[in-house]
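*Asks:* Let me begin by handing over the structure; questions about it come next.
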Amino acid sequence: LPALFKQELQNTEAEEGGTAILRCELTKPKAPVEWRKGDTCLYPGLKYEMRQQGSTAELFIYDLELDDS
């Protein structure tokens, strides 16, 4: 069976220049997670950091800009 979200993602507000953290909890631990913005797949680097521990996945977005919304 595919992994599902235990809860829907919540909107997050953050200040320009700051950091936003998006979290999701999955029904399966260590399920592969692909973070996207529209049709664009996000990859780790200076702007984005992805972490996953057990069934919780997190996306950190650094140095926020208006285009990140």
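*Asks:* Magnitude of the Cβ-charge dipole of the chain, K/R +1 and D/E -1, about the Cα centre, nearest 20 debye?
*Replies:* 580 debye
*Asks:* State in Å² the accessible area per residue of the chain; use a 1.4 Å probe, count heavy atoms of protein chains only, and round to the nearest integer.
*Replies:* For the chain, the per-residue accessible area is 81 Å².
*Asks:* Roughly to the nearest percent, how much of the accessible area of the chain is carbon and sulfur, given a 1.4 Å probe?
*Replies:* On the chain, the fraction of accessible area on carbon and sulfur atoms equals 50 percent.
*Asks:* Lys/Arg Cβ at +1, Asp/Glu Cβ at -1, dipole of the chain taken about the Cα centre: which of 64, 52, 12 is farthest positive-ward?
*Replies:* It is 52.
*Asks:* If you work out mean projected area of the Cα convex hull in nm² from the coordinates, which of [x] 5.4; [y] 4.9; [z] 6.0 do you get?
*Replies:* Recomputing mean projected area of the Cα convex hull in nm² here picks out [y].
*Asks:* For the residue pair residue 49 and residue 66, what label-to-label distance in nm results when each label sits 7 Å from Cα along the Cα-to-beta-carbon direction?
*Replies:* 2.8 nm
The values are calculated or read from the model by the stated rules, or taken from the named source; none is laboratory data. Quick caveat, the model's predicted, so the values are computed rather than measured. FYI the Cβ positions are ideal-geometry reconstructions off the backbone, even for glycines, and counts take in every protein chain you see. Just so you know, the surface numbers come from the protein's heavy atoms only, side chains and all, with ligands and any DNA or RNA stripped out. Shrake-Rupley method; radii C 1.70, N 1.55, O 1.52, S 1.80 Å.
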